[in-house]
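Everything on this sheet refers to the single structure shown next.
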Amino acid sequence: MTARAGTLYVVATPIGNRGELSARAREMLAAVDAVAAEDTRHTGVLLRDFAIDTPLESLHEHSDAARWRSLLNRLAAGQSVALVSDAGTPGISDPGFELIRGARAHGIDVRPVAGPCAAIAALSVSGLPTDRFVFEGFLPARSVARRRRLAALADESRTLIFYEAGRRMRAMLADCRDAFGDERRIAVARELTKRFEESAQLDLADGVAWVDADANRTRGEFVVCVAGAARATDKPPTADLDALLTELVALTGTREAARIAARTLGVARNSAYQRALVLARE
Ligand code: SAM
């Protein structure tokens, strides 16, 4: 296989199992003039495993503009370059966007060498609807910002896909429960295609307990898929929610009323809470 002159290849690499490197990716990495990598040591190991000796260049989020420009100049001069990240598809919650945008802006041919992506791998085994979905990538690390982002997604009816690190899983699932309600189904995928791979489908009410059940579940790489909210047509009429909230608020207070109403009518707890606040003001 020969690489086309002046072409930027965006090459997907394994998310776990080395066998995921496609034959075409392997050939392309050997054929190009240079491989631009997020971490040259990491990609160096991959290339060595496949006996590929193409020169490696570092290109990461913090690379200065001169580095991007030098690669663009080389592409414009007819060299071929493969862009790779540490795992999966470059540009998907990974560096690469600036180079790809720059290449497009300069009329450089950009071609994918398609392959693994953790989001799609997790969705494919989630058991949740795959016909329409939203990729949200990483949520904010800080709780206030994360909760705000989740609240904005509470009524999204498409399946949601999040990336998360093991050390934040507990807090993330607790915040998801508050925003989406106890009964929303989730599919959690950990260390996909690696030695300690596991995946589970559960209600959000059981998310934190699932993490706590095994110390390994605060380590490693995770994808969390969350079922979308019931569509407007499937939702109980607002009148039902209002009537229940009005009765419950008088008995238990706003938060508890929202929790019970959400569970009873199958709506997001945050939506019920917001509605209870509106009713209290009226
Ligand atoms: N570009 C990559 C892709 O195409 O999936 C994603 C890179 S992003 C920096 C890394 C995140 O992807 C991890 O924190 C985790 O959320 C997810 N991820 C990557 N590999 C994974 C795996 N084998 N199992 C589960 N999640 C994984």
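Taking every DSSP beta bridge that has both ends in the chain, the antiparallel portion is near 45%.
Farthest towards the positive end of the charge dipole of the range 169-282, among the residues 278, 244, 189, is the Cα of 189, using unit charges on the Cβ of Lys, Arg, Asp and Glu. In percent, rounded to a whole number, the relative contact order of the chain is 17, using alpha-carbon pairs under 8 Å and six or more apart. Which whole-number percent gives the relative contact order of the range 7-116, counting Cα pairs below 8 Å spaced six or more residues apart? Reported relative contact order: 46 percent. Taking the Cα centre of the range 43-169 as reference, the dipole from Cβ charges on Lys and Arg (+1) and Asp and Glu (-1) amounts to some 440 debye.
In this Cβ point-charge picture (+1 for Lys and Arg, -1 for Asp and Glu), the chain has a dipole of about 340 debye about its Cα centre. Place a label point 7 angstrom from the Cα of residue 109 along the Cα-to-Cβ direction, then list the residues of the range 36-75 whose backbone nitrogen is under 14 Å away. Output list for this probe position: 75. For the pair residue 73 and residue 216, the difference between a 0.36 nm per residue extended length and the Cα-Cα distance amounts to 46.9 nm. The magnitude of the dipole of the range 1-96, with charges of +1 and -1 set on the Cβ of Lys/Arg and Asp/Glu and taken from the Cα centre, is near 280 debye. GNM on the chain, alpha-carbon springs under 10 angstrom: the most fluctuating residue among 160, 241, 192 is 241. Counting Lys +1, Arg +1, Asp -1, Glu -1, what net charge surrounds residue 3 among other residues with beta carbon under 14 Å of its beta carbon? Cβ neighbours under 14 Å give a net charge of +2. Computing FRET efficiency as 1/(1 + (r/R0)^6) for residue 134 and residue 203, where r is the C-beta to C-beta distance and R0 is 22 Å, gives about 0.60.
Since every read-out is calculated from the coordinates, none of them should be taken as a lab result. No experiment lies behind these values; they were computed from the predicted model shown. All Cβ positions, even for glycine, are placed from backbone atoms using ideal geometry, and neighbour counts span all protein chains on display.
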